[in-house]
1. Take the stretch 71-93 and flag every residue that is of a type in the set (A, V, I, L, M), surrounded by 15 or more Cβ atoms within 10 Å (Cβ to Cβ) and either more than 30 Å from THR128 (Cβ to Cβ) or in contact (Cβ under 8 Å) with a residue 60 or more places away in the chain (or both).
2. Among the residues of the stretch 14-73, write down those that are within 15 Å of the chain's Cα centre (by Cα), β-branched (Val, Ile, Thr) and farther than 20 Å from GLY99 by Cα.
3. Tell me, which residue of the stretch 1-41 that is of a type in the set (Gly, Ala, Ser) and part of a loop (DSSP other than H, G, I, E, B) is surrounded by the fewest Cβ atoms within 10 Å (Cβ to Cβ)?
4. For GLY49, all conditions in the list (1) in a strand (DSSP E or B); (2) small (Gly, Ala, Ser); (3) surrounded by fewer than 17 Cβ atoms within 10 Å (Cβ to Cβ) hold save one; what is the number of the exception?
5. Which of the following residues is part of a loop (DSSP other than H, G, I, E, B) and either within 15 Å of the chain's Cα centre (by Cα) or among the aromatic types (Phe, Trp, Tyr) (or both): VAL92, VAL80?
6. Which number in (1) under 28 Å from VAL129 (Cβ atoms); (2) charged (D, E, K, R); (3) over 17 Å from the mean Cα position of the chain (by Cα) marks the one condition that ARG102 misses?
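Readers should treat all values here as calculations from the given coordinates under stated rules, not as data from a laboratory. Keep in mind that this is a model prediction, so the values were computed, not measured. Every residue, glycine among them, receives a Cβ derived from its backbone with ideal geometry; neighbour counts consider all protein chains shown.
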Amino acid sequence: MTVARILAEKGNAVVTVTPERTLDEAIHLLAEKSIGAVVVTGPDGSVAGIISERDIMRVLASHGGASFDEPIAAHMTKKVVTCTRTATIEDVMETMTNGRFRHVPVCEEGKLVGMISIGDVVKRRIATVEAEHQAMRDYITMA
């Protein structure tokens, strides 16, 4: 299964924010949307960074509440690992595992076209394994 298929099933809407917004605004956006990360985009729609719950916790642990009014750009992850729609679930799982992150923006020609989370990947992988398991049971029953 590819990322394109996951996006076709779940949709390609992505919550984004601009880098000059405050950390406080990012926190409220994450809470309001019940999501774990938000993509930070530049004026041309390109991925400038990503800010996750983990990033925010690290900032609060080291700088405290004074960081609420600081811009997201000061604390976002700037080196964002992305994938394309043609990436397989296995590729994305490996990328997430090796990088120890849970969200991967999907980009095509430098533009953001979707977002894949570890939950999306695990859900589809479990469905695949269950289908394979059922096919094996059916095969054994018919033999």
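1. ILE72, ALA73, MET76, ALA87, ILE89, VAL92 - these are the residues of the stretch 71-93 that are of a type in the set (A, V, I, L, M), surrounded by 15 or more Cβ atoms within 10 Å (Cβ to Cβ) and either more than 30 Å from THR128 (Cβ to Cβ) or in contact (Cβ under 8 Å) with a residue 60 or more places away in the chain (or both).
2. VAL14, VAL15, THR16, VAL17, THR41
3. Keep residues of the stretch 1-41 that are of a type in the set (Gly, Ala, Ser), which gives 4, 8, 11, 13, 26, 31, 34, 36-37.
When the remaining residues are screened for being part of a loop (DSSP other than H, G, I, E, B), the result is 11, 13, 34, 36.
Details: GLY11: 10, ALA13: 9, SER34: 6, GLY36: 15.
The residue in question is SER34.
4. Going through the list (1) in a strand (DSSP E or B); (2) small (Gly, Ala, Ser); (3) surrounded by fewer than 17 Cβ atoms within 10 Å (Cβ to Cβ), GLY49 breaks only (3).
5. Working: VAL92 fails: part of a loop (DSSP other than H, G, I, E, B).
Within the list VAL92, VAL80, the selection yields VAL80.
6. Answer for ARG102: the failing condition is (3).
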